[in-house]
Amino acid sequence: MDLRFGYGTNGFTNHRLSDVLAVLSDLGYDGVALTLDHGHLDPYAEDLPRQVNLLAGELAWYGLSVTVETGAPYLLDPWGKHEPTLMSEGAQRRVDLLRRAIWIAADLGSPTVHLCSGAAPKGLPEEDAWKRLTAGMETVLQTAEANGVALAFEPEPYMFVDTVERCLELGKRLGGHELYGITLDIGHAHCVEEIPLPECVQLAAPHLLNVQIEDMRRGVHQHLEFGEGEIDFVPVLAALGELGHQGLVSVEIQGGSLDAPEVARRSIEFLQRAALEAPTVQKVQ
């Protein structure tokens, strides 16, 4: 099974979205992880339908797959990072964003919408946080069902859901909903998980929809270029190849925007070399 590499638009914040697609296509990427944000397809833009139609045409022109992401840190609150969450008193604003993302994903042909939990409100008991998060997800899943788009939940360091195990717990609380899955961020897993990365892949495997990838150091949540952290990527790519992962494996290096084309170039060259060393990855485009 081939691995398909993508790149996150949150690493190209100084580029027009149309230019991002052109650069990624020229570099040989298979897809794009599109973070809905002020500069790249603002989900609250007055002419959103026109922009979505234009983007769908550009994606088709370049032959790029897409997955829609909702991790823009200050889209809803200029003061609060990732606020409000589905656990907040103002959770309806997050619900509204996720519903918009699902509609956009359906129009673009994205099979998934990525989301994460954010931090639980201070002082809120853990079980109450679980109940709020589950209730919010149940509401959003109704829109997902109506549009045939899956929700790919990402565990992230320092958030309420920060490990694959807690993602699985959320899935259980949702009754094993068929449109609930996992986005596994390899750097995040190296940062916080207690088990080796290939085992993280296997743990997430039954629900794995998307993969994000970058280098990182243990206990330090900083997205690094490949080779600047501690991760051995060959076993990770081998595990994904053995699994037959069909979703995108998307580079997420937000801090590389000032040199985005070259960071993207170095990233795909690194991943292609590593994939060739992974025996279960048959071919890299």
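Coordinate-derived values only; no laboratory data. On a predicted model such as this, the values are computed, not experimentally measured, just so you know. Reconstructed Cβ throughout: ideal geometry from the backbone, glycine too, with neighbour counts over all protein chains shown.
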Chymotrypsin sites (Phe, Trp or Tyr not before Pro) restricted to DSSP loop in the range 133-184 with at most 16 other C-beta within 10 Å: TYR158
In the chain, what percentage of the DSSP-assigned beta bridges are antiparallel, given to the nearest 5? 5 percent
Using packing as a proxy for protection, rank 87-93, 261-267 so that the peptide with the highest average count of other Cβ atoms within 10 Å comes first. 261-267, 87-93
If you average the alpha carbon positions of the range 98-156 and of the range 193-254, how far apart do those two centres end up, in angstrom? 22 Å
Identify which of the listed values of Cα extents along the principal axes in Å was calculated from the structure shown: (i) 52, 42, 35; (ii) 52, 50, 40; (iii) 47, 45, 33. (iii)
Only Lys, Arg (+1) and Asp, Glu (-1) charged, at Cβ; the chain dipole about Cα centre in debye: 420 debye
Grab the other residues whose beta carbon is less than 14 angstrom from that of SER18, score K and R as +1, D and E as -1, and report the net. -1
Would you calculate, for the chain, the mean residue ellipticity at 222 nm contributed by helices, counting each DSSP H stretch of 4 or more residues as -39,500 (n - 2.57) and dividing by all residues, to the nearest 500? -13500 deg cm²/dmol
In whole Hz, the Karplus estimates of ³J(HN,Hα) for the range 259-274 (6.51, -1.76, 1.60; θ = phi - 60°; x where Gly or Pro) are 10, 4, x, 6, 4, 5, 5, 4, 5, 6, 5, 5, 5, 5, 5, 5
Kindly write out, for the range 54-63 in residue order, the coupling ³J(HN,Hα) from the Karplus curve 6.51 cos²θ - 1.76 cosθ + 1.60 (θ = phi - 60°), rounded to whole Hz, with x marking Gly and Pro. 5, 5, 4, x, 5, 4, 5, 4, 8, x
Can you classify the range 68-193 as rounded, prolate or oblate using the Cα gyration tensor, where a ≥ b ≥ c are the square roots of its eigenvalues, rounded means a/c under 1.5, and otherwise it's prolate if a/b beats b/c and oblate if not? rounded
What would the Debye formula give as log10 I(q)/I(0) at q = 0.24 Å⁻¹ for the alpha-carbon point model of the range 179-268, no solvent? -1.27
Using unit Cβ charges (K, R positive; D, E negative) and no other charged atoms, how large, in debye to the nearest 20, is the dipole of the range 44-140 about its Cα centre? 40 debye
Amide H to amide H, which residues 5 or more places from LEU248 or on other chains are under 5 Å from it, using H placed in the peptide plane? VAL211
Does the range 31-78 come out rounded, prolate or oblate by the C-alpha gyration tensor, with a ≥ b ≥ c the root eigenvalues, rounded set by a/c under 1.5 and, if not, prolate when a/b is larger than b/c and oblate if not? oblate
Which aspartates and glutamates, on any chain, are close to LYS131 with Cα under 20 Å apart, when same-chain ones fewer than 8 places away are left out? GLU83, GLU89, ASP96, GLU154, GLU156, ASP162, GLU165, GLU169, GLU178
Please work out, to two decimal places, the log10 of the ratio I(q)/I(0) at q = 0.22, 0.27, 0.33 Å⁻¹ from a Debye calculation in which every Cα of the range 1-48 carries one identical scatterer. -0.76, -1.00, -1.26
Choose one of ALA106, TYR29, LEU237: the residue whose Cα lies farthest towards the positive end of the charge dipole of the chain (beta-carbon charges +1 Lys, Arg; -1 Asp, Glu; about the Cα centre). ALA106
Quick calc, GLU126 & SER18: beta-carbon distance into FRET formula, R0 45 Å, rounding 0.05, result 0.55
Nearest-20 debye value, the range 143-188 charge dipole, Cβ charges on Lys, Arg, Asp, Glu: 140 debye
Total charge of the residues flanking LEU48 in space, meaning their Cβ is under 15 Å from its Cβ, with Lys and Arg +1 and Asp and Glu -1, is -3
Burial order of peptide ranges 205-215, 51-61, 33-43 (average beta-carbon count within 10 Å, highest first): 205-215, 33-43, 51-61
Here the relative contact order (percent) of the chain, from C-alpha pairs under 8 Å and at least 6 apart, is 22 percent
Give me the Kirkwood hydrodynamic radius of the range 14-110, using the inverse of the mean 1/r over all pairs of distinct Cα atoms, in Å to one decimal. 14.1 Å
Options GLY175, PRO78, SER65, ranked by Cα towards positive dipole end of the chain, top entry (Cβ charges): GLY175
